[in-house]
1. Residues to consider are 285, 303; find the one that is in the same structural domain as residue 176 (by TED's automatic domain parsing) and in a helix (DSSP H, G or I).
2. Which of the residues belonging to the stretch 210-223 are free of Cβ contacts under 8 Å to residues at least 60 places away in the same chain and either touching a strand residue (DSSP E or B) at 6+ places or on another chain (Cβ under 6 Å) or not assigned by TED's automatic domain parsing to the domain that holds residue 290 (or both)?
3. What residue, among those in the stretch 81-94 that are part of a loop (DSSP other than H, G, I, E, B) and touching a residue at least 12 places away in the same chain (Cβ under 8 Å), is surrounded by the fewest Cβ atoms within 10 Å (Cβ to Cβ)?
4. Closer than 21 Å to residue 236 by Cα and surrounded by fewer than 18 Cβ atoms within 10 Å (Cβ to Cβ), is that true of residue 43?
5. Out of (1) touching a helix residue (DSSP H, G or I) at 6+ places or on another chain (Cβ under 8 Å); (2) crowded, with 22+ Cβ neighbours inside 10 Å; (3) within 23 Å of residue 102 (Cα to Cα), what's the single condition that is false for residue 299?
6. Conditions: (1) under 22 Å from residue 271 (Cβ atoms); (2) within 23 Å of the chain's Cα centre (by Cα); (3) surrounded by fewer than 23 Cβ atoms within 10 Å (Cβ to Cβ). Residue 102 meets all but one. Number of the miss?
7. Give me the strands (runs of 3 or more DSSP E) completely within the stretch 2-80, filtered to those with at least 1 residues that are more than 24 Å from residue 127 (Cβ to Cβ) and in the same structural domain as residue 92 (by TED's automatic domain parsing), ordered by residue number.
8. Any residue in the stretch 161-182 that is in contact with a helix residue (DSSP H, G or I) (Cβ under 7 Å, 6 or more places away or on another chain), assigned to a helix (DSSP H, G or I), surrounded by fewer than 21 Cβ atoms within 10 Å (Cβ to Cβ) and outside the structural domain of residue 338 (by TED's automatic domain parsing)?
């Protein structure tokens, strides 16, 4: 731990040196905390402002978090009034989102424990100036929620769960061997079905293929109830490719005529591969395990080849993901201001969400920590 005094800087832009240092802090945490995703989010929040809070010991960046101040979040999943209708109404004040405005992850980054308090003080200063003291940490891990709630005294609310497959050993066979027998059998059936269908995968660059993938992504979004056009999703992929500097791993699933019926897009941060997007042509896809070939099995093979130790599959589809080995880790919302919601109503809210999550799981796959017990 450095003995140098800490200084806080709030920046409107990051230079290349700051980007490298920021990403070093983000690498153990999440792709969604790194500068590639931050650049993409900044482009999505039209008219919003992004403040980069940096805590330094001398010339070393030891703490960081982005703060988004928006009139209206671009994602409904980041709109507090929609998520929590009973929460404090801020009227026409801007909404301050800490850590992210999409991606289902936020949390303070720090390599020196002393950096946490000045980091949180700076966040509060921004919230005081912009949104009447209220800012939102949405989709924090249980460990981060515990840190944040010690400061605010506000009981967190359970939002969803992130699905993560830990990868033991050194090969795909080690992954299989680590699954319970019934789940191992399910994976082997998926593999056999895919192999018999005459499909194959090919690696590609997103910058070369985003136009063909846009319609596939739109079809998948529509299948899950999201109104998204092919043009809008093509633009979304183009913007992501540019912001992330074309660093994603793209797999195309091709039929015998070399036409894509599906794709997956993965980004690696630190020791974790993050599944960012999948898309399919549901009319032409034979539905023989191509979804899990793209979203799980090939990314797992790539992860082992690259020395990566976990695959992050995001939220939702909990049953199917758990059947392929994912543990489900709760993600929480923590406001920065006391009185944002009623504590008793929050505990009832959390109990209901836990019951809903567990009802979607095939077994005891929800990873619970002792820090969370008092929030129910």
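1. Details: 285 fails: in a helix (DSSP H, G or I).
Matching residue, one of 285, 303: 303.
2. Passing the criteria: only 212.
3. From the stretch 81-94, those part of a loop (DSSP other than H, G, I, E, B) are 84-94; that's our starting set.
Retained after the next criterion (residues that are touching a residue at least 12 places away in the same chain (Cβ under 8 Å)): 84, 86-88, 90, 93-94.
Numbers: 84: 19, 86: 12, 87: 20, 88: 16, 90: 16, 93: 14, 94: 17.
My answer is 86.
4. Values: closer than 21 Å to residue 236 by Cα: yes; surrounded by fewer than 18 Cβ atoms within 10 Å (Cβ to Cβ): yes.
Yes.
5. The number of the failed condition is (1).
6. (1)
7. Working: elements: 6-11, 49-57, 60-70.
Of the strands (runs of 3 or more DSSP E) lying wholly inside the stretch 2-80, those with at least 1 residues that are more than 24 Å from residue 127 (Cβ to Cβ) and in the same structural domain as residue 92 (by TED's automatic domain parsing) span 49-57, 60-70.
8. yes
The values are calculated or read from the model by the stated rules, or taken from the named source; none is laboratory data. Since this is a predicted model, take the numbers as computed values, not measurements. Backbone-built Cβ (ideal geometry, glycine too); neighbour counts: all protein chains shown.
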